[in-house]
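The values are calculated or read from the model by the stated rules, or taken from the named source; none is laboratory data. Just so it is clear, the structure is predicted and the values come from calculations on it, not from any experiment. Reconstructed Cβ throughout: ideal geometry from the backbone, glycine too, with neighbour counts over all protein chains shown. Accessible surface is based on the protein model in full, side chains and every heavy atom, while ligands, DNA and RNA are left aside. Shrake-Rupley method; radii C 1.70, N 1.55, O 1.52, S 1.80 Å.
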Amino acid sequence: MSLREPLLPTHHSKDGDKNGGAAARGNTDAVTVTISCFLCFVAVRSFHPIVIDISKTDGKLPYGKATPCVVNSAVDVVLGSLLSFMFGGVAGLRQCWDPVPLKIFSAIAVLYAFGDFMEMVSMSAMGGAAYQILLQSKLVVTALIMWSLRGQRQTLLQWNVLLTIALAMSAFVLLDEADGSSAPFKPIGLFFVVVKVFFSCLCAVLAEKYLKAYKGMPIYVQVVQLKFAWFWTTLALTLAFDGNVRVHGFWDGWDWRTIIVAISWVCKGWSTFLVLKRLDSVLKNIGEAAAILVIYLFEVTVAKHVSGWLPINGKDFRLTVFLMVWVVVLTVLTYTMAAPQKKNSVAAKNP
């Protein structure tokens with residue numbers, strides 16, 4: 001796993017390694033790396049919502065909701081530029097500002113920035129577990145986007161599972177609200193999550209389509225080209241929609257918890273760039289589902305014990321909520337393992 005590698009994975013020929021022993025060792029190393037990346041992915045996806053929950057005061061974010069995202073983008077541009085200069089000198093630094101790929105990366109970054117903004121707004125309206133649960137709507141949104149843009153349809157089984165996921169998410173939210181959550185669910189939060197999911201799924205499809213031409217570009221260069229427009233878009237959204245920032249200033253409400261949120265955004269971004277290229281879509285979906293369980297277990301077991309020195313309220317364990325969490329997790333796994341719709345083999349044989 002190297003910073004010199006591109007964001008998108010490159011596929012090598014299978015003829016490269018003819019030595020059986022070396023191939024076996026290579027397979028073992030690959031499995032070890034995959035497991036490590038998977039665990040890292042689950043940890044990051046679990047830790048990030050928990051940190052945002054800890055940064056709340058009386059269930060609300062006391063700072064400008066997207067200000068940590070702005071800081072994250074600025075830090076990423078600086079880090080990426082430093083790494084480009086360190087590994088490539090002046091030529092590497094100039095590569096970061098090549099106008100041809102910069103236009104494409106910037107267009108995609110604008111959509112990503114909208115997604116980040118929606119994530120922070122939605123997290124201000126609900127707890128981490130509810131957010132992670134509702135985030136699974138990305139499976140439904142991705143299916144619809146793939147259908148409309150690529151004509152890739154789902155099987156009847158897959159649509160049935162997607163409907164089950166939607167119903168299970170609704171049931172969890174209702175149960176969580178009845179449980180008296182410290183960050184009670186607000187209906188507007190569902191809208192924000194769906195918008196965030198839409199932007200994220202659209203970005204994933206567009207990135208896969210348009211960034212293949214630059215798959216040889218190092219990660220740190222791609223980060224700079226993405227985060228430059230990402231920074232300005234997030235800053236513009238913050239100034240336009242956050243009246244508290246306009247009146248009291250950018251840093252109003254910041255404390256040590258907000259700094260950790262910003263650091264969490266940086267860690268989430270770079271770990272995503274380095275880890276996700278090692279995981280296929282199946283492991284990504286399983287990891288997202290596993291994060292739901294981790295967050296819920298943190299809320300009902302760990303949170304109570306650390307509430308004395310961290311501003312977070314734990315929840316009482318309720319079997320109904322716990323079982324509903326498992327319903328969502330297992331349903332997501334079922335969808336992940338469901339066979340995709342096969343193309344018409346007859347038409348393929350008789351064009």
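Screening segment 190-225 for residues that are open to solvent by less than 10 Å² (accessible area, probe 1.4 Å) and under 17 Å from SER81 (Cα atoms) and picking the one that is modelled with the lowest pLDDT gives ILE219. Does TRP309 count as at pLDDT 75 or above and farther than 30 Å from GLN225 by Cα? Answer is yes for this residue.
Only one residue in THR272, THR233, THR164 is at pLDDT 95 or above and either β-branched (Val, Ile, Thr) or closer than 16 Å to LEU134 by Cβ (or both), so which one is that? Within the list THR272, THR233, THR164, the selection yields THR233. Candidates in segment 284-313 are the residues that are open to solvent by less than 30 Å² (accessible area, probe 1.4 Å) and free of Cβ contacts under 8 Å to residues at least 24 places away in the same chain; of these, the one that is nearest to LYS138 (Cα to Cα) is VAL300.
Give the number of residues within segment 131-161 that are hydroxyl-bearing (Ser, Thr, Tyr) and open to solvent by less than 20 Å² (accessible area, probe 1.4 Å).
Pass one, segment 131-161, residues hydroxyl-bearing (Ser, Thr, Tyr): 131, 137, 142, 148, 155.
Then drop every residue that is not open to solvent by less than 20 Å² (accessible area, probe 1.4 Å), which leaves 131, 137.
Within segment 131-161, residues that are hydroxyl-bearing (Ser, Thr, Tyr) and open to solvent by less than 20 Å² (accessible area, probe 1.4 Å) number 2.
For the structure I just gave you, tell me whether GLY59 is closer than 30 Å to ASN313 by Cβ, modelled with pLDDT under 85 and either touching a strand residue (DSSP E or B) at 6+ places or on another chain (Cβ under 6 Å) or not aromatic (Phe, Trp, Tyr) (or both). The answer is yes for GLY59.
The listed residues are LEU167, LEU102, LEU93, and the only one of them that is open to solvent by 10 Å² or more (accessible area, probe 1.4 Å) and within 24 Å of TYR335 (Cβ to Cβ) turns out to be LEU167.
Restricted to segment 42-69, and to residues there that are out of contact with any Pro (no Cβ under 9 Å at 6 or more places or on another chain) and among the basic types (Lys, Arg), the residue that is most open to solvent (accessible area, probe 1.4 Å) is LYS60. In segment 247-263, the residues that are over 10 Å from TYR63 (Cβ atoms) and open to solvent by less than 30 Å² (accessible area, probe 1.4 Å) never reach a residue that is part of a helix (DSSP H, G or I) and among the basic types (Lys, Arg) with C-beta atoms less than 6 angstrom apart, at least six apart or across chains.
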